[in-house]
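Student: Following this message is one structure expressed as structure tokens.
The values are calculated or read from the model by the stated rules, or taken from the named source; none is laboratory data. None of these values were measured; they are calculated from a predicted model. Positions of Cβ are generated from backbone atoms using ideal geometry, with glycine treated the same way; all protein chains shown enter the neighbour counts. Quick note on the areas: whole protein, heavy atoms, side chains included, nothing else; ligands and nucleic acids left out. Shrake-Rupley method; radii C 1.70, N 1.55, O 1.52, S 1.80 Å.
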Amino acid sequence: MKVNKTLWRWSRLLHIYAAVALLFLLLFFAFTGITLNHPDWFIGEAQEQELEFQLVNYKASQGLTFSPAQITQLENELDVSFGKLKLEDDGDVIFFDAQMPGAFASGELELESGLVSASRSDSGVWAWLNDLHKGRHTGFAWKLLLDISSVLILLFSLSGLVLLLPNKRYLKPAMLLGLVTAAICTFTALVS
């Protein structure tokens, strides 16, 4: 199949630079793909921590309004950004929880006394890496990186296809390999 020389030249450049940009991301996703499929090989017991502390300068009438000192105390004690805490006031108690990659914190604040009872669970670096792989409990920057890497993978794949089209010697075996791969993926998905 004949391909326009300009398209071929641009595809070659795009393919090379997309490959360089994706090198470490693809290595990361390949490795964490293994850790996701075999968590028992990598992930041990979660580290559980029970916490109880008095919120500084607490007033029973403050409700869901927290001073900067109280926010800092909550962040330090729970080891989580205050912005990640989901708060729910039921009248007597404020319930809170936060999910982070590889970790979870939850608890309650008694409105009468200002006493905080909480627990924190940290599943370790492998769970953290797995959550990053899935984009679970991550922020905007990580989700943006995942979107950019997806676009780069699409460009890398399509530019590779354009480079393959004029090469008659490898085109048929590559297309056959692609069809076999698609058939294996379809069969595996159906029997799972």
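Student: Going by what's in this entry, would VAL125 be described as open to solvent by less than 30 Å² (accessible area, probe 1.4 Å) and either among the acidic types (Asp, Glu) or more than 30 Å from VAL3 (Cβ to Cβ) (or both)?
Tutor: For VAL125, the condition - open to solvent by less than 30 Å² (accessible area, probe 1.4 Å) and either among the acidic types (Asp, Glu) or more than 30 Å from VAL3 (Cβ to Cβ) (or both) - is not met.
Student: Looking at PHE42, PHE31 in this structure, which one is open to solvent by less than 60 Å² (accessible area, probe 1.4 Å) and either within 22 Å of the chain's Cα centre (by Cα) or aliphatic (A, V, I, L, M) (or both)?
Tutor: Residue meeting the stated conditions: PHE42.
Residues checked against (1) within 26 Å of TRP41 (Cα to Cα); (2) of a type in the set (A, V, I, L, M, F, W, C):
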residue: SER123; (1), (2): yes, no
residue: LEU132; (1), (2): yes, yes
residue: ALA174; (1), (2): no, yes
residue: THR181; (1), (2): no, no
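Student: Restricting attention to strands (runs of 3 or more DSSP E) lying wholly within the stretch 67-170, give those where 3 or more residues are under 23 Å from the mean Cα position of the chain (by Cα). Lay out the reasoning, then the answer.
Tutor: Values: elements: 86-89, 93-100, 103-110, 115-122.
In the stretch 67-170, the matching strands (runs of 3 or more DSSP E) lie at 93-100, 103-110, 115-122.
Student: A follow-up question, please. For the subset of the stretch 11-22 comprising residues that are open to solvent by 90 Å² or more (accessible area, probe 1.4 Å) and free of Cβ contacts under 8 Å to residues at least 12 places away in the same chain, which member is farthest from ALA127 (Cα to Cα)?
Tutor: TYR17
Student: If we scan the stretch 41-48, do we find a residue that is assigned to a strand (DSSP E or B) and in contact (Cβ under 8 Å) with a residue 40 or more places away in the chain?
Tutor: yes
Student: On to the next question. Taking the conditions exactly as written (in contact (Cβ under 8 Å) with a residue 60 or more places away in the chain, open to solvent by 50 Å² or more (accessible area, probe 1.4 Å), over 30 Å from ALA127 (Cβ atoms) and not small (Gly, Ala, Ser)), does LYS2 satisfy them or not?
Tutor: For LYS2, the condition - in contact (Cβ under 8 Å) with a residue 60 or more places away in the chain, open to solvent by 50 Å² or more (accessible area, probe 1.4 Å), over 30 Å from ALA127 (Cβ atoms) and not small (Gly, Ala, Ser) - is met.
Student: Shifting gears a bit: Would you check which residues across the stretch 171-192 are assigned to a helix (DSSP H, G or I) and of a type in the set (Ser, Thr, Tyr) and list them?
Tutor: THR181, THR186, THR188
Student: For a quick check of your reading of the model, give me the residue pairs whose first member lies in the stretch 78-93 and is of a type in the set (A, V, I, L, M, F, W, C), whose second is loosely packed, with under 13 Cβ neighbours inside 10 Å and in a loop (DSSP other than H, G, I, E, B), with beta-carbon atoms closer than 7 Å and at least 6 apart or on different chains.
Tutor: LEU87/LEU64
Student: Of all residues in the stretch 134-167, which are closer than 13 Å to VAL3 by Cα and free of Cβ contacts under 8 Å to residues at least 12 places away in the same chain?
Tutor: Of everything in the stretch 134-167, those that are closer than 13 Å to VAL3 by Cα and free of Cβ contacts under 8 Å to residues at least 12 places away in the same chain turn out to be LEU161, LEU164, ASN167.
Student: Counting just the residues of the stretch 136-166 that are modelled with pLDDT of 90 or more and in contact with a helix residue (DSSP H, G or I) (Cβ under 6 Å, 6 or more places away or on another chain), which one comes out farthest from ALA98 (Cα to Cα)?
Tutor: SER159
Student: Moving to a separate point now. How many residues, within the stretch 49-66, are under 17 Å from PHE95 (Cβ atoms) and assigned to a loop (DSSP other than H, G, I, E, B)?
Tutor: 6
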